[in-house]
Amino acid sequence: MNDKNKIGQRFLNDTFKVIMEEVLSKGADVKEKVCEWRDPAELRRLLDLELLEDGQPHDHLLQQVKEMVKYSVKTNHPRFYNQLRFLTEALNTSQYTYEVAPVFVLMEDVVLSKLRSLVGWSDGDGIFCPGGSVSNIYAMNLARYRAFPQVKLKGLWSVPRLAVFTSEEGHYSICKAASMQGIGLENVFLGAVPFLVSATSGTTIHGAFDPLDLIADICEKYGLWMLLGGGGSVLFSKKHRHLMKGIERADSMTWNPHKMLLTGLQCSAFLLKDTTDLLKHCHCANVTYLFQKDKFYDVSFDTGDKSIQCGHKVDCLKLWLMWKAVGTRGLEERVDKAFFYTRYLVQEMKKKEGFQLQPQFMNVCFWFIPPSLRGKQNSDYYQERLSKVAPAIKERMVRQGSMMIGYQPQAGRVNFFPMIVHSPQISEQDVHFLLNEIERLGGDL
(Lines give C-alpha, C1' and ligand atoms only; values in the text may rest on other atoms or scores of the structure.)
Protein backbone atom coordinates (compact mmCIF):
# COMPACT_ATOMS: atom_id res chain seq x y z
CA MET A 1 0.00 0.00 0.00
CA ASN A 2 1.49 3.37 -1.04
CA ASP A 3 1.64 6.45 1.17
CA LYS A 4 -1.40 8.13 -0.43
CA ASN A 5 -3.54 5.05 0.13
CA LYS A 6 -2.34 4.84 3.73
CA ILE A 7 -3.26 8.48 4.29
CA GLY A 8 -6.65 7.96 2.68
CA GLN A 9 -7.37 4.85 4.74
CA ARG A 10 -6.35 6.63 7.93
CA PHE A 11 -8.69 9.50 7.14
CA LEU A 12 -11.58 7.14 6.43
CA ASN A 13 -10.97 5.22 9.65
CA ASP A 14 -10.81 8.40 11.71
CA THR A 15 -13.87 9.84 9.96
CA PHE A 16 -15.80 6.65 10.61
CA LYS A 17 -14.97 6.95 14.32
CA VAL A 18 -16.39 10.47 14.28
CA ILE A 19 -19.55 9.25 12.56
CA MET A 20 -19.98 6.39 15.02
CA GLU A 21 -19.34 8.47 18.12
CA GLU A 22 -20.78 11.87 17.25
CA VAL A 23 -23.55 11.04 14.78
CA LEU A 24 -24.82 7.56 15.63
CA SER A 25 -24.12 7.52 19.36
CA LYS A 26 -24.32 11.06 20.69
CA GLY A 27 -26.65 12.11 17.88
CA ALA A 28 -29.25 9.60 19.03
CA ASP A 29 -28.88 10.45 22.73
CA VAL A 30 -31.93 12.24 24.05
CA LYS A 31 -29.66 14.06 26.53
CA GLU A 32 -27.80 15.74 23.65
CA LYS A 33 -29.07 18.74 21.71
CA VAL A 34 -30.83 18.24 18.38
CA CYS A 35 -28.67 21.02 17.00
CA GLU A 36 -26.04 23.59 18.00
CA TRP A 37 -27.70 26.54 16.36
CA ARG A 38 -25.60 29.39 14.94
CA ASP A 39 -26.83 32.18 12.71
CA PRO A 40 -25.52 32.02 9.10
CA ALA A 41 -22.87 34.74 9.40
CA GLU A 42 -21.52 33.29 12.63
CA LEU A 43 -21.47 29.74 11.30
CA ARG A 44 -19.61 30.88 8.19
CA ARG A 45 -16.90 32.29 10.47
CA LEU A 46 -16.73 29.08 12.52
CA LEU A 47 -16.38 26.73 9.54
CA ASP A 48 -13.44 26.67 7.11
CA LEU A 49 -15.48 26.47 3.91
CA GLU A 50 -13.04 28.16 1.51
CA LEU A 51 -11.63 25.98 -1.28
CA LEU A 52 -7.87 26.52 -1.68
CA GLU A 53 -5.35 25.66 -4.41
CA ASP A 54 -3.51 23.21 -2.15
CA GLY A 55 -4.97 20.38 -0.16
CA GLN A 56 -5.25 20.43 3.60
CA PRO A 57 -3.40 18.09 6.03
CA HIS A 58 -5.11 15.17 7.74
CA ASP A 59 -5.63 16.78 11.14
CA HIS A 60 -7.17 19.90 9.60
CA LEU A 61 -9.59 17.90 7.45
CA LEU A 62 -10.61 15.71 10.37
CA GLN A 63 -11.27 18.78 12.47
CA GLN A 64 -13.56 20.09 9.70
CA VAL A 65 -15.49 16.83 9.76
CA LYS A 66 -15.96 17.23 13.50
CA GLU A 67 -17.11 20.82 13.03
CA MET A 68 -19.58 19.81 10.32
CA VAL A 69 -21.03 17.14 12.59
CA LYS A 70 -21.16 19.50 15.55
CA TYR A 71 -23.19 22.12 13.73
CA SER A 72 -25.42 19.82 11.72
CA VAL A 73 -28.94 18.88 12.78
CA LYS A 74 -28.89 15.47 14.44
CA THR A 75 -31.56 13.70 12.35
CA ASN A 76 -31.05 10.46 14.34
CA HIS A 77 -32.18 12.30 17.47
CA PRO A 78 -35.44 11.00 19.00
CA ARG A 79 -36.70 14.57 19.19
CA PHE A 80 -36.03 15.45 15.55
CA TYR A 81 -39.55 15.57 14.19
CA ASN A 82 -39.01 17.20 10.81
CA GLN A 83 -40.38 15.27 7.85
CA LEU A 84 -37.11 13.78 6.64
CA ARG A 85 -33.00 12.08 7.53
CA PHE A 86 -23.35 5.91 4.41
CA LEU A 87 -22.44 2.40 2.47
CA THR A 88 -23.95 3.66 -0.84
CA GLU A 89 -21.68 6.70 -0.82
CA ALA A 90 -18.63 4.62 -0.03
CA LEU A 91 -19.38 2.23 -2.91
CA ASN A 92 -20.10 5.18 -5.26
CA THR A 93 -21.99 3.01 -7.78
CA SER A 94 -24.07 4.37 -10.64
CA GLN A 95 -26.83 1.96 -11.55
CA TYR A 96 -27.75 1.66 -15.24
CA THR A 97 -26.46 -1.70 -16.52
CA TYR A 98 -25.98 -5.08 -14.90
CA GLU A 99 -22.24 -5.15 -15.70
CA VAL A 100 -21.48 -2.02 -13.68
CA ALA A 101 -23.91 -2.69 -10.82
CA PRO A 102 -24.79 -6.38 -10.75
CA VAL A 103 -25.59 -6.63 -7.05
CA PHE A 104 -27.75 -3.54 -7.00
CA VAL A 105 -29.63 -4.29 -10.23
CA LEU A 106 -30.70 -7.58 -8.70
CA MET A 107 -31.32 -6.00 -5.32
CA GLU A 108 -33.52 -3.32 -6.82
CA ASP A 109 -35.50 -5.95 -8.72
CA VAL A 110 -36.13 -7.89 -5.51
CA VAL A 111 -37.15 -4.81 -3.54
CA LEU A 112 -39.47 -3.48 -6.26
CA SER A 113 -41.09 -6.88 -6.66
CA LYS A 114 -41.68 -7.13 -2.91
CA LEU A 115 -43.16 -3.64 -2.79
CA ARG A 116 -45.50 -4.42 -5.72
CA SER A 117 -46.69 -7.55 -3.95
CA LEU A 118 -47.67 -5.43 -0.95
CA VAL A 119 -49.70 -3.24 -3.29
CA GLY A 120 -51.42 -6.32 -4.67
CA TRP A 121 -49.71 -6.57 -8.07
CA SER A 122 -48.33 -10.00 -9.00
CA ASP A 123 -46.26 -8.49 -11.80
CA GLY A 124 -45.30 -5.08 -13.12
CA ASP A 125 -42.36 -2.73 -13.35
CA GLY A 126 -40.71 0.13 -11.48
CA ILE A 127 -37.57 2.01 -10.68
CA PHE A 128 -36.03 3.92 -7.77
CA CYS A 129 -36.11 7.67 -8.32
CA PRO A 130 -34.39 10.66 -6.70
CA GLY A 131 -37.37 11.57 -4.56
CA GLY A 132 -41.14 11.39 -4.65
CA SER A 133 -41.47 14.47 -6.85
CA VAL A 134 -39.48 12.80 -9.64
CA SER A 135 -41.55 9.62 -9.20
CA ASN A 136 -44.67 11.69 -9.82
CA ILE A 137 -43.07 13.26 -12.91
CA TYR A 138 -42.46 9.73 -14.20
CA ALA A 139 -46.10 8.86 -13.67
CA MET A 140 -47.38 11.91 -15.52
CA ASN A 141 -45.01 11.32 -18.45
CA LEU A 142 -46.07 7.67 -18.73
CA ALA A 143 -49.74 8.54 -18.48
CA ARG A 144 -49.44 11.03 -21.33
CA TYR A 145 -47.37 8.56 -23.42
CA ARG A 146 -49.93 5.79 -22.92
CA ALA A 147 -52.77 8.06 -24.00
CA PHE A 148 -50.85 9.80 -26.82
CA PRO A 149 -47.72 7.81 -27.80
CA GLN A 150 -47.05 10.18 -30.70
CA VAL A 151 -46.00 12.87 -28.22
CA LYS A 152 -42.56 11.29 -27.84
CA LEU A 153 -41.70 11.96 -31.50
CA LYS A 154 -43.92 14.86 -32.52
CA GLY A 155 -44.17 16.87 -29.32
CA LEU A 156 -47.01 18.80 -27.68
CA TRP A 157 -48.53 20.09 -30.92
CA SER A 158 -49.64 16.52 -31.70
CA VAL A 159 -51.91 16.19 -28.66
CA PRO A 160 -55.04 18.05 -27.52
CA ARG A 161 -55.11 20.33 -24.53
CA LEU A 162 -54.61 18.07 -21.54
CA ALA A 163 -55.83 18.21 -17.94
CA VAL A 164 -54.71 16.66 -14.68
CA PHE A 165 -56.99 16.11 -11.69
CA THR A 166 -55.70 16.22 -8.14
CA SER A 167 -57.03 17.23 -4.72
CA GLU A 168 -56.48 20.53 -2.94
CA GLU A 169 -54.07 18.79 -0.55
CA GLY A 170 -52.32 16.79 -3.27
CA HIS A 171 -48.53 17.04 -3.46
CA TYR A 172 -47.10 20.20 -5.02
CA SER A 173 -44.97 18.09 -7.39
CA ILE A 174 -48.07 17.41 -9.52
CA CYS A 175 -48.18 21.11 -10.42
CA LYS A 176 -44.42 21.10 -11.03
CA ALA A 177 -44.73 18.10 -13.33
CA ALA A 178 -47.55 19.74 -15.30
CA SER A 179 -45.43 22.86 -15.72
CA MET A 180 -42.28 20.96 -16.75
CA GLN A 181 -44.12 18.83 -19.31
CA GLY A 182 -45.81 21.75 -20.98
CA ILE A 183 -49.29 20.91 -19.74
CA GLY A 184 -49.48 24.11 -17.70
CA LEU A 185 -50.67 25.03 -14.25
CA GLU A 186 -54.02 26.27 -15.50
CA ASN A 187 -54.81 22.85 -16.85
CA VAL A 188 -58.45 22.18 -16.06
CA PHE A 189 -60.72 23.83 -18.61
CA LEU A 190 -63.93 22.99 -20.48
CA GLY A 191 -62.86 21.01 -23.54
CA ALA A 192 -59.56 19.88 -22.06
CA VAL A 193 -58.79 16.16 -22.22
CA PRO A 194 -58.06 14.60 -18.82
CA PHE A 195 -55.46 11.86 -18.82
CA LEU A 196 -54.34 11.50 -15.19
CA VAL A 197 -55.88 11.54 -11.73
CA SER A 198 -53.52 11.98 -8.80
CA ALA A 199 -54.81 10.36 -5.61
CA THR A 200 -53.07 10.65 -2.26
CA SER A 201 -52.70 8.34 0.72
CA GLY A 202 -51.39 10.28 3.68
CA THR A 203 -51.41 13.90 2.54
CA THR A 204 -48.36 15.97 3.46
CA ILE A 205 -49.99 18.12 6.11
CA HIS A 206 -52.94 16.25 7.59
CA GLY A 207 -52.05 12.68 6.60
CA ALA A 208 -55.49 12.20 4.99
CA PHE A 209 -56.38 9.27 2.71
CA ASP A 210 -58.36 9.65 -0.52
CA PRO A 211 -61.19 7.14 -1.26
CA LEU A 212 -59.24 4.99 -3.72
CA ASP A 213 -62.05 2.71 -4.88
CA LEU A 214 -64.27 5.65 -5.82
CA ILE A 215 -61.43 7.33 -7.72
CA ALA A 216 -60.56 4.04 -9.45
CA ASP A 217 -64.17 3.65 -10.61
CA ILE A 218 -63.99 6.97 -12.44
CA CYS A 219 -60.52 6.30 -13.85
CA GLU A 220 -61.57 2.94 -15.23
CA LYS A 221 -64.76 4.35 -16.72
CA TYR A 222 -62.95 7.10 -18.63
CA GLY A 223 -59.61 5.40 -19.28
CA LEU A 224 -57.60 7.72 -17.03
CA TRP A 225 -54.25 6.94 -15.45
CA MET A 226 -54.58 6.63 -11.68
CA LEU A 227 -51.46 7.73 -9.82
CA LEU A 228 -51.27 7.08 -6.10
CA GLY A 229 -48.83 9.18 -4.12
CA GLY A 230 -47.55 8.49 -0.60
CA GLY A 231 -48.68 6.26 2.22
CA GLY A 232 -47.19 3.02 0.90
CA SER A 233 -45.51 2.05 4.15
CA VAL A 234 -48.95 1.67 5.75
CA LEU A 235 -49.25 -1.53 3.67
CA PHE A 236 -46.81 -3.23 6.03
CA SER A 237 -49.43 -2.97 8.79
CA LYS A 238 -52.19 -5.56 8.92
CA LYS A 239 -53.99 -3.28 11.34
CA HIS A 240 -53.97 -0.15 9.18
CA ARG A 241 -53.67 -1.23 5.52
CA HIS A 242 -57.45 -0.92 5.20
CA LEU A 243 -56.82 2.84 4.86
CA MET A 244 -55.49 2.08 1.36
CA LYS A 245 -58.33 -0.15 0.20
CA GLY A 246 -58.43 -0.12 -3.59
CA ILE A 247 -54.71 0.57 -4.06
CA GLU A 248 -54.32 -2.46 -6.32
CA ARG A 249 -56.51 -0.69 -8.90
CA ALA A 250 -54.03 2.19 -9.39
CA ASP A 251 -51.79 2.28 -12.48
CA SER A 252 -48.74 3.52 -10.62
CA MET A 253 -47.62 4.38 -7.13
CA THR A 254 -45.01 6.67 -5.64
CA TRP A 255 -43.63 5.13 -2.43
CA ASN A 256 -41.14 7.01 -0.23
CA PRO A 257 -39.56 4.70 2.40
CA HIS A 258 -37.36 7.61 3.53
CA LYS A 259 -40.43 9.11 5.14
CA MET A 260 -42.44 6.81 7.39
CA LEU A 261 -39.82 4.02 7.52
CA LEU A 262 -36.95 6.52 7.92
CA THR A 263 -34.57 4.80 5.52
CA GLY A 264 -31.60 6.97 4.58
CA LEU A 265 -32.50 9.91 2.40
CA GLN A 266 -33.20 9.59 -0.47
CA CYS A 267 -35.20 6.44 -1.12
CA SER A 268 -38.21 6.67 -3.42
CA ALA A 269 -39.73 3.85 -5.49
CA PHE A 270 -41.90 4.36 -8.57
CA LEU A 271 -44.07 1.26 -8.96
CA LEU A 272 -46.06 0.25 -12.05
CA LYS A 273 -48.82 -2.25 -12.67
CA ASP A 274 -47.97 -2.21 -16.41
CA THR A 275 -46.40 -5.34 -17.93
CA THR A 276 -45.94 -4.04 -21.52
CA ASP A 277 -42.55 -2.36 -20.90
CA LEU A 278 -44.20 1.05 -21.03
CA LEU A 279 -41.51 2.56 -18.81
CA LYS A 280 -38.83 1.67 -21.35
CA HIS A 281 -40.84 2.53 -24.46
CA CYS A 282 -41.60 5.98 -23.07
CA HIS A 283 -38.06 6.89 -21.96
CA CYS A 284 -35.62 4.81 -24.03
CA ALA A 285 -33.00 6.47 -26.25
CA ASN A 286 -31.39 3.17 -27.38
CA VAL A 287 -27.83 4.47 -26.99
CA THR A 288 -25.62 1.71 -28.38
CA TYR A 289 -22.51 2.53 -26.36
CA LEU A 290 -24.35 1.40 -23.23
CA PHE A 291 -27.30 -0.76 -24.19
CA GLN A 292 -26.01 -3.23 -26.79
CA LYS A 293 -28.47 -5.99 -27.63
CA ASP A 294 -25.80 -8.70 -28.15
CA LYS A 295 -24.31 -8.69 -24.67
CA PHE A 296 -23.33 -11.96 -23.02
CA TYR A 297 -26.08 -11.71 -20.39
CA ASP A 298 -29.80 -11.05 -20.23
CA VAL A 299 -30.05 -7.39 -21.24
CA SER A 300 -33.42 -7.04 -19.56
CA PHE A 301 -31.35 -6.34 -16.45
CA ASP A 302 -29.96 -3.18 -18.09
CA THR A 303 -32.48 -0.84 -16.52
CA GLY A 304 -30.85 2.51 -17.32
CA ASP A 305 -32.89 3.11 -20.49
CA LYS A 306 -36.08 3.04 -18.44
CA SER A 307 -35.04 6.11 -16.50
CA ILE A 308 -34.92 9.75 -17.45
CA GLN A 309 -31.36 10.23 -16.22
CA CYS A 310 -29.93 6.77 -17.21
CA GLY A 311 -27.64 6.08 -14.24
CA HIS A 312 -29.05 6.46 -10.78
CA LYS A 313 -27.86 5.99 -7.23
CA VAL A 314 -28.29 2.60 -5.59
CA ASP A 315 -31.03 3.81 -3.29
CA CYS A 316 -32.55 0.33 -3.15
CA LEU A 317 -29.70 -0.69 -0.80
CA LYS A 318 -31.03 1.55 1.95
CA LEU A 319 -34.40 -0.15 2.06
CA TRP A 320 -33.00 -3.62 1.35
CA LEU A 321 -30.55 -3.43 4.25
CA MET A 322 -33.17 -2.19 6.67
CA TRP A 323 -35.67 -4.79 5.52
CA LYS A 324 -33.05 -7.55 5.71
CA ALA A 325 -32.10 -6.47 9.24
CA VAL A 326 -35.52 -6.14 10.84
CA GLY A 327 -37.75 -8.21 8.54
CA THR A 328 -41.27 -7.45 7.36
CA ARG A 329 -42.49 -7.80 10.90
CA GLY A 330 -40.08 -5.24 12.16
CA LEU A 331 -41.26 -2.78 9.52
CA GLU A 332 -44.85 -3.49 10.49
CA GLU A 333 -43.99 -2.73 14.11
CA ARG A 334 -42.52 0.62 13.05
CA VAL A 335 -45.70 1.58 11.23
CA ASP A 336 -47.96 0.46 14.06
CA LYS A 337 -45.79 2.33 16.57
CA ALA A 338 -46.14 5.52 14.53
CA PHE A 339 -49.94 5.22 14.62
CA PHE A 340 -49.91 4.40 18.34
CA TYR A 341 -47.83 7.41 19.32
CA THR A 342 -49.88 9.66 17.04
CA ARG A 343 -52.97 8.65 19.01
CA TYR A 344 -51.08 8.94 22.31
CA LEU A 345 -49.92 12.44 21.46
CA VAL A 346 -53.49 13.51 20.71
CA GLN A 347 -54.71 11.89 23.93
CA GLU A 348 -52.13 13.71 26.06
CA MET A 349 -52.60 16.97 24.19
CA LYS A 350 -56.31 16.97 24.98
CA LYS A 351 -55.47 16.87 28.70
CA LYS A 352 -53.59 20.15 28.54
CA GLU A 353 -54.87 23.68 28.37
CA GLY A 354 -53.68 25.77 25.46
CA PHE A 355 -53.44 23.09 22.75
CA GLN A 356 -56.03 23.38 19.98
CA LEU A 357 -56.25 20.43 17.60
CA GLN A 358 -57.32 20.36 13.96
CA PRO A 359 -59.24 17.34 12.59
CA GLN A 360 -56.95 14.32 12.94
CA PHE A 361 -55.74 11.74 10.43
CA MET A 362 -52.17 10.34 10.57
CA ASN A 363 -50.51 13.63 11.42
CA VAL A 364 -51.24 15.84 14.41
CA CYS A 365 -51.87 19.45 13.44
CA PHE A 366 -52.33 21.92 16.29
CA TRP A 367 -51.99 25.43 17.61
CA PHE A 368 -50.50 26.34 20.95
CA ILE A 369 -52.57 29.10 22.52
CA PRO A 370 -50.42 31.05 25.04
CA PRO A 371 -52.09 32.29 28.23
CA SER A 372 -52.28 35.83 26.84
CA LEU A 373 -54.64 34.71 24.05
CA ARG A 374 -56.81 32.18 25.86
CA GLY A 375 -60.46 33.11 25.93
CA LYS A 376 -59.95 35.88 23.37
CA GLN A 377 -60.89 33.96 20.23
CA ASN A 378 -63.47 36.56 19.25
CA SER A 379 -61.19 39.58 19.49
CA ASP A 380 -60.13 41.44 16.34
CA TYR A 381 -56.43 40.82 16.92
CA TYR A 382 -56.65 37.11 17.83
CA GLN A 383 -55.77 35.52 14.45
CA GLU A 384 -52.96 37.97 13.75
CA ARG A 385 -51.32 37.37 17.13
CA LEU A 386 -51.88 33.61 16.97
CA SER A 387 -50.12 33.52 13.59
CA LYS A 388 -46.93 34.75 15.30
CA VAL A 389 -46.91 32.14 18.07
CA ALA A 390 -45.67 29.08 16.11
CA PRO A 391 -42.79 30.98 14.41
CA ALA A 392 -41.68 32.38 17.78
CA ILE A 393 -41.73 28.96 19.45
CA LYS A 394 -39.91 27.41 16.47
CA GLU A 395 -37.13 30.03 16.68
CA ARG A 396 -36.68 29.43 20.40
CA MET A 397 -36.56 25.63 20.11
CA VAL A 398 -34.02 25.76 17.26
CA ARG A 399 -31.77 28.30 18.93
CA GLN A 400 -31.82 26.25 22.15
CA GLY A 401 -31.48 22.96 20.27
CA SER A 402 -34.21 21.24 22.24
CA MET A 403 -36.48 20.04 19.41
CA MET A 404 -37.37 20.67 15.79
CA ILE A 405 -40.94 20.91 14.51
CA GLY A 406 -42.12 22.69 11.39
CA TYR A 407 -44.97 25.17 11.15
CA GLN A 408 -47.08 26.58 8.34
CA PRO A 409 -50.31 28.34 7.40
CA GLN A 410 -52.84 26.59 5.15
CA ALA A 411 -56.16 27.36 3.49
CA GLY A 412 -57.08 30.34 5.63
CA ARG A 413 -55.64 28.83 8.81
CA VAL A 414 -52.88 30.85 10.46
CA ASN A 415 -49.52 29.25 11.33
CA PHE A 416 -49.87 25.90 13.10
CA PHE A 417 -47.62 22.94 13.94
CA PRO A 418 -48.00 19.85 11.66
CA MET A 419 -46.59 17.08 13.87
CA ILE A 420 -45.37 13.87 12.23
CA VAL A 421 -44.61 11.01 14.63
CA HIS A 422 -42.38 8.55 12.75
CA SER A 423 -39.23 8.01 14.82
CA PRO A 424 -38.90 4.36 15.94
CA GLN A 425 -37.10 5.64 19.05
CA ILE A 426 -39.93 7.80 20.36
CA SER A 427 -41.31 7.05 23.80
CA GLU A 428 -44.06 8.31 26.08
CA GLN A 429 -41.40 10.35 27.85
CA ASP A 430 -40.61 12.12 24.57
CA VAL A 431 -44.27 12.94 24.04
CA HIS A 432 -44.52 14.52 27.47
CA PHE A 433 -41.24 16.39 26.91
CA LEU A 434 -42.58 17.80 23.66
CA LEU A 435 -45.77 19.12 25.20
CA ASN A 436 -44.01 20.54 28.26
CA GLU A 437 -41.32 22.14 26.11
CA ILE A 438 -43.87 23.90 23.91
CA GLU A 439 -45.56 25.21 27.03
CA ARG A 440 -42.20 26.41 28.39
CA LEU A 441 -41.13 28.04 25.11
CA GLY A 442 -44.45 29.71 24.45
CA GLY A 443 -45.82 30.46 27.87
CA ASP A 444 -44.77 34.12 27.87
CA LEU A 445 -45.88 35.00 24.33
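The values are calculated or read from the model by the stated rules, or taken from the named source; none is laboratory data. Because the structure is predicted, anything quoted here is derived from the model rather than measured. In this analysis, Cβ positions are derived from the backbone assuming ideal geometry, glycine residues included, and neighbour counts consider all displayed protein chains. All accessible areas refer to the heavy atoms of the entire protein, side chains included, with ligands and DNA or RNA removed. Shrake-Rupley method; radii C 1.70, N 1.55, O 1.52, S 1.80 Å.
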Dipole of the chain, positive direction: furthest Cα of Leu386, Ile137, Gln408, with charges on the beta-carbon: Leu386
Beta bridge orientation in the chain: antiparallel %, DSSP, nearest 5: 60 percent
Asp48/Glu395 FRET efficiency (R0 22 Å; Cβ-Cβ; nearest 0.05): 0.20
Karplus-derived 3J(HN,Hα), 6.51/-1.76/1.60, for each residue of the range 133-140, Hz, glycine and proline x: 4, 5, 4, 5, 5, 4, 4, 5
Mean ellipticity per residue at 222 nm, deg cm²/dmol - from DSSP H runs of n ≥ 4 across the chain, formula -39500 (n - 2.57): -12000 deg cm²/dmol
Candidate lysines for bridging to Lys31, where Cα separation is under 24 Å - those fewer than 8 sequence places away on the same chain excluded: Lys17, Lys66, Lys70, Lys74, Lys337, Lys394
Range of Cα positions in the range 359-445 per principal axis (Å), largest first: 43, 28, 21
Heavy-atom SASA rank of Glu220, Glu428 (probe 1.4 Å, accessible area, largest first): Glu220, Glu428
Positive dipole terminus of the chain, leading residue within Tyr98, Gln63, Pro418 (C-beta point charges): Pro418
Length gained when the stretch Ala325-Leu214 is fully extended (0.36 nm per residue, less Cα-Cα span): 36.2 nm
Zone residues, the range 385-426, relative to Cys175, backbone N less than 15 Å from point 7 Å out along Cα-to-Cβ: 409-412
Solvent-accessible heavy-atom area per residue, rounded to whole Å², over the chain at 1.4 Å: 51 Å²
Long-range HN-HN contacts of Cys365 with modeled amide H, under 5 Å: Gln358, Met419
Under the Karplus curve 6.51 cos²θ - 1.76 cosθ + 1.60, θ = phi - 60°, whole-Hz ³J(HN,Hα) for the range 119-132, x wherever Gly or Pro sits: 5, x, 9, 6, 8, x, 8, x, 6, 7, 10, x, x, x
Anchor Lys176: lysines whose Cα lies under 16 Å away (excluding residues fewer than 8 positions away in-chain): none
Amide H partners (placed H, <5 Å) of Ser307, local residues excluded: none
Residues whose placed amide H lies under 5 Å from that of Leu162, excluding near-sequence neighbours: Val193
Listed residues His283, Leu319, Leu373: farthest to the positive end of the dipole of the range 255-391 (Cβ charges): Leu373
Label point distance in nm, Gln63-Arg241, each placed 7 Å from Cα along Cα→Cβ: 5.5 nm
Whole-number D in µm² s⁻¹ for the chain, Kirkwood Cα-pair radius fed into Stokes-Einstein, 37 °C, 0.692 mPa s: 134 µm²/s
Ranked by how many other beta carbons lie within 10 Å on average, peptides 415-422, 221-228 from highest: 415-422, 221-228
Pairs of Cα atoms farther than 19 Å apart, the range 292-425, %: 68 percent
Given charges at beta-carbon only (K, R positive; D, E negative), |dipole| of the chain in Debye: 800 debye
Simple Cβ-charge dipole of the range 219-262, Lys/Arg +1 and Asp/Glu -1, about Cα centre, in debye nearest 20: 260 debye
Around Leu142: net Lys/Arg minus Asp/Glu count, Cβ-Cβ under 15 Å: +1
